[in-house]
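Shown next, in structure tokens, is the structure this report addresses.
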Amino acid sequence: MDYLIPENKRFDEVITISANAQWATTLVGGYSGLHNEDLYKRAFFHLDARYPNGISMPVLSANYDKFHSDRGTFVEHPVHGWCYADEIWAKEKEKNKQYLRLYKMSDVLAEINKQLPK
């Protein structure tokens, strides 16, 4: 599936699939930070028969992260529908901070639909 991402980038070995089997996510590596540190973006896929081979093109997150063990999961949120909740640890002012990043699959689907041929 590496042909789906930019050149010189790579998918992580771990792929998480939602309980309804309609969504998948993984990290994409190969990005470098200002101090040459390895950075990653999260990629999301919609799994549906309307796409070639049943998988949409990836939608990459706008933000970069340092690699972390995959602690996220897909959840069905009562207001936002299917989301991916990702536990993030960040160093702020020499202290480790923990927070939750929520990706809405409705936003991912909207981005996919913008890219599909009409």
*Mind listing whichever residues of region 31-68 are part of a loop (DSSP other than H, G, I, E, B), farther than 20 Å from residue 9 by Cβ and among the small types (Gly, Ala, Ser)?*
49
*Residue count, region 33-49 (criterion: in contact with a strand residue (DSSP E or B) (Cβ under 8 Å, 6 or more places away or on another chain), among the hydrophobic types (A, V, I, L, M, F, W, C) and modelled with pLDDT of 90 or more)*: 4
_If I filter region 69-103 down to residues being of a type in the set (A, V, I, L, M, F, W, C) and either part of a loop (DSSP other than H, G, I, E, B) or modelled with pLDDT under 90 (or both), which single residue comes out as surrounded by the fewest Cβ atoms within 10 Å (Cβ to Cβ)?_
79
*Pairs under 7 Å by beta carbon, first residue polar (S, T, N, Q) in region 54-73, partner part of a strand (DSSP E or B) and modelled with pLDDT under 90, six or more apart or different chains?*
61/41
_Pairs, first free of Cβ contacts under 8 Å to residues at least 12 places away in the same chain in region 25-36, second assigned to a strand (DSSP E or B) and surrounded by 15 or more Cβ atoms within 10 Å (Cβ to Cβ), C-beta under 7 Å, six or more apart_ = 32/39
*Which of the residues spanning region 6-42 are of a type in the set (A, V, I, L, M) and either out of contact with any Gly (no Cβ under 7 Å at 6 or more places or on another chain) or surrounded by fewer than 12 Cβ atoms within 10 Å (Cβ to Cβ) (or both)?*
14, 15, 17, 19, 21, 24, 27, 28, 34
*Say we look at region 43-54 and pick out the residues that are more than 12 Å from the chain's Cα centre (by Cα) and closer than 16 Å to residue 106 by Cα; which of these is surrounded by the fewest Cβ atoms within 10 Å (Cβ to Cβ)?*
48
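The values are calculated or read from the model by the stated rules, or taken from the named source; none is laboratory data. The structure displayed is predicted, hence computed values, not measured ones. So basically every Cβ, Gly included, is an ideal-geometry build from the backbone, and we count neighbours across all protein chains shown.
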